[in-house]
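Okay, so here's the structure we're looking at.
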Amino acid sequence: MIAATYAAGTLALEVQGLCCAHGGPFTFSVLTGQCVAITGPSGSGKTVLLRMIADLDPHEGEVRINGQPCLDMPAERWRRLVQYVPAEPAWWSDIVLDHMADTDEVHDLIGRLGLREDCLRTPLSRLSTGERQRLALIRALLLHPRVLLLDEPCSALDAATTDRVEAVLQAVRARGTAIVLVSHNMQQAARMAGKRFRIAQRHMEEIAP
Amino acid sequence: MNPIVLTTGDMLVAAALIVTGSVLSFLLSLGLQRALLVSAVRMAVQLALVGSVLLFVFGHASVWLTIGLLAFMFSAAGWEAGSRQQVRLCPGWHFGIAGVATATGTVIVVLIGLLTALQPQPWYVARTAIPLTGLLLGNVMNATSLSMNTLLSAITRERQAIEARIILGATRAQAMNGLIRQAIRAALLPTLNQMAAAGIVTMPGIMTGQILAGMNPLAASRYQVLLMSLIVSGNLIGATFAAYLIAWHLTDSRGRLRLERLLSRS
């Protein structure tokens, strides 16, 4: 189970004029436990935005968690609080257990996400893209982040498994984690997010509910 | 025992071997004949020049001449150490790191050799300092070059895996340490093989040269042990410096991977 909880209604993430050579400026905020969806055509800068929030690329503008600016915090601590799960997660070894411990929390998430129990002992190269995507989500959730940045988390999943992932994400939100969800799936964006934005030609605008 | 002095006739035998190799390359369509001939001529000219320069420097016993020659050797080594990597940094950084790592590894072990075991009078005398520096510089240059090549290729290949660690909160050192260790190990492997096989599979070059020049084989083996120890230490220092400097340059103070600082030859 996700252990951390945060006070509801407070600002979890503030993004102010965030930009780099490949996108922006972007300005928006996410409340504790809120999910914000970002949509837009391929190459419009959605991934660039998530990478800048995670402080993976040099940028201008400001990002804050709980009012604390990114640059006032050691980068490693920032990235643990703001967990980015890329569309194609990477692994530094073929062994799943090199990336996460064999704990009850992991087994709980494996069950809820519809993964096979033996996936922890199966080489990553023999798992499907969808299984690796869910394991990457587990790897991020184990850090109990304040903000989850998800880039197409269900792109390789069938409808039933997508429902399972969304259920886990709703539970994570209920405990106060804010979510920024990049998705091409408009139905998923509508189901998951209280606020939706569209990025086109480097400009970000809110989609009316 | 007097050293065996080689005559012009002996040099012609060496040249005949190279020509035979080129003919073989032509007959077997290996395409190596041109490279073989050019390398052999280049080697002969370079060594003849070095012999003449050393004769001149040893004859004049000038500290400034020694420093000038060493400066030239260090510059050439830095250039060569940075010349053959497939993936490169921008030129200033690339050759800068190659030069600093090569020079650091060499200078430290040359000073240890001169000030402890060899102790010539004075310690910087050209007849000892220049050949010792040349021997170590060549080895450290190779180790630095291998370390740089292995690490730069690995970082390019494993960029996503490195970033996966960074995303999960690893420091830049934690994210790169595995690849740095691999690069240092790859750089030291030829020297370790050489040390393990010394005297069993191969007769080391320095010892062979000294025995041919008339030295007692036991005394020559002691020299070989000392010089191999200096070589492996210099290689370790050069390869380690090169790897850490590259890792430091390809990340920033926020621990981000900055691979835009790489240039790719392809």
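The values are calculated or read from the model by the stated rules, or taken from the named source; none is laboratory data. Just so we're clear, the structure is a prediction, and the values are computed from it rather than from any experiment. Note: ideal-geometry Cβ built from the backbone for every residue, glycine included; neighbour counts use all protein chains shown.
General observations
- Note on the range B:249-266: among residues that are without any contact (Cβ under 8 Å) to a residue 40 or more places away in the chain and over 20 Å from B:Met148 (Cα atoms), the one that is nearest to the other protein chains (Cβ to nearest Cβ) is B:Arg254.
- Search result, residues across the range B:1-34 that are in a helix (DSSP H, G or I) and under 24 Å from B:Gly214 (Cα atoms): B:Thr8, B:Gly9, B:Asp10, B:Met11, B:Leu12, B:Val13, B:Ala14
- Matching residues, the range B:185-206, being modelled with pLDDT under 85 and assigned to a helix (DSSP H, G or I): B:Gly205, B:Ile206
- Evaluation of B:Leu55 against the conditions (1) out of contact with any Leu (no Cβ under 7 Å at 6 or more places or on another chain); (2) part of a helix (DSSP H, G or I); (3) under 25 Å from B:Asn193 (Cα atoms); (4) not hydroxyl-bearing (Ser, Thr, Tyr) shows that the sole unmet condition is (3).
This table checks each residue for (1) surrounded by 11 or more Cβ atoms within 10 Å (Cβ to Cβ); (2) of a type in the set (Lys, Arg).
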{"site": "B:Gly51", "(1), (2)": "no, no"}
{"site": "B:Gly59", "(1), (2)": "no, no"}
{"site": "B:Ser62", "(1), (2)": "yes, no"}
{"site": "B:Leu69", "(1), (2)": "yes, no"}
{"site": "B:Ala76", "(1), (2)": "yes, no"}
{"site": "B:Arg84", "(1), (2)": "yes, yes"}
{"site": "B:Arg88", "(1), (2)": "yes, yes"}
{"site": "B:Pro91", "(1), (2)": "no, no"}
{"site": "B:His94", "(1), (2)": "yes, no"}
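- Tallying residues that are over 20 Å from A:Glu76 (Cβ atoms) and within 23 Å of the chain's Cα centre (by Cα) within the range B:231-261 yields 15.
- Candidates A:Gly43, A:Gly33: the one that is in contact with a helix residue (DSSP H, G or I) (Cβ under 7 Å, 6 or more places away or on another chain) and at positive phi is A:Gly33.
- Candidates B:Ala71, B:Ala117 - the one that is within 26 Å of B:His249 (Cα to Cα) and either assigned to a helix (DSSP H, G or I) or not hydrophobic (A, V, I, L, M, F, W, C) (or both): B:Ala71
- Residue identified as at negative phi and within 14 Å of chain A (Cβ to nearest Cβ) among B:Ile155, B:Ile246, B:Ile237, B:Ile211: B:Ile155
- Exclusive hit being more than 26 Å from A:Pro209 (Cβ to Cβ), surrounded by fewer than 20 Cβ atoms within 10 Å (Cβ to Cβ) and in contact with a Phe, Trp or Tyr (Cβ under 9 Å, 6 or more places away or on another chain), set A:Gly61, A:Gly17, A:Gly67: A:Gly61
- For the range A:126-183, the set of residues classified as modelled with pLDDT of 95 or more and of a type in the set (Ser, Thr, Tyr) consists of A:Ser128, A:Thr129, A:Thr161, A:Thr162, A:Thr177, listed by residue number.
- Being within 30 Å of B:His249 (Cβ to Cβ) and touching a residue at least 40 places away in the same chain (Cβ under 8 Å) is a property that holds for B:Leu188.
- Here B:Ile67, B:Ile108 are screened, and the one residue that is within 17 Å of the chain's Cα centre (by Cα) and hydrophobic (A, V, I, L, M, F, W, C) is B:Ile108.
- Condition check for A:Val180: under 12 Å from the mean Cα position of the chain (by Cα) and surrounded by 18 or more Cβ atoms within 10 Å (Cβ to Cβ): yes
- Selected residue [small (Gly, Ala, Ser), over 24 Å from B:Val5 (Cα atoms) and away from chain A (no Cβ under 14 Å)] from B:Ala220, B:Ala198: B:Ala198
- Of the residues A:Ser44, A:Ser29, the single one that is more than 13 Å from chain B (Cβ to nearest Cβ), surrounded by fewer than 21 Cβ atoms within 10 Å (Cβ to Cβ) and under 16 Å from the mean Cα position of the chain (by Cα) is A:Ser29.
- The set of residues from the range B:224-266 being in a helix (DSSP H, G or I), modelled with pLDDT under 95 and among the hydrophobic types (A, V, I, L, M, F, W, C) comprises B:Val225, B:Leu226, B:Leu227, B:Met228, B:Leu259.
- Leading residue by the ranking (nearest to A:Arg80 (Cα to Cα)) among those in the range B:164-178 that are in contact (Cβ under 8 Å) with a residue 60 or more places away in the chain and crowded, with 22+ Cβ neighbours inside 10 Å: B:Ile166
- Considering the range B:227-266, the residues that are within 20 Å of B:Ile167 (Cβ to Cβ) and among the small types (Gly, Ala, Ser) include one that is surrounded by the fewest Cβ atoms within 10 Å (Cβ to Cβ), namely B:Ser253.
- Consider the range B:179-216 and keep the residues that are among the β-branched types (Val, Ile, Thr), farther than 18 Å from B:Ser145 by Cα and more than 16 Å from the chain's Cα centre (by Cα). The one that is surrounded by the fewest Cβ atoms within 10 Å (Cβ to Cβ) is B:Ile200.
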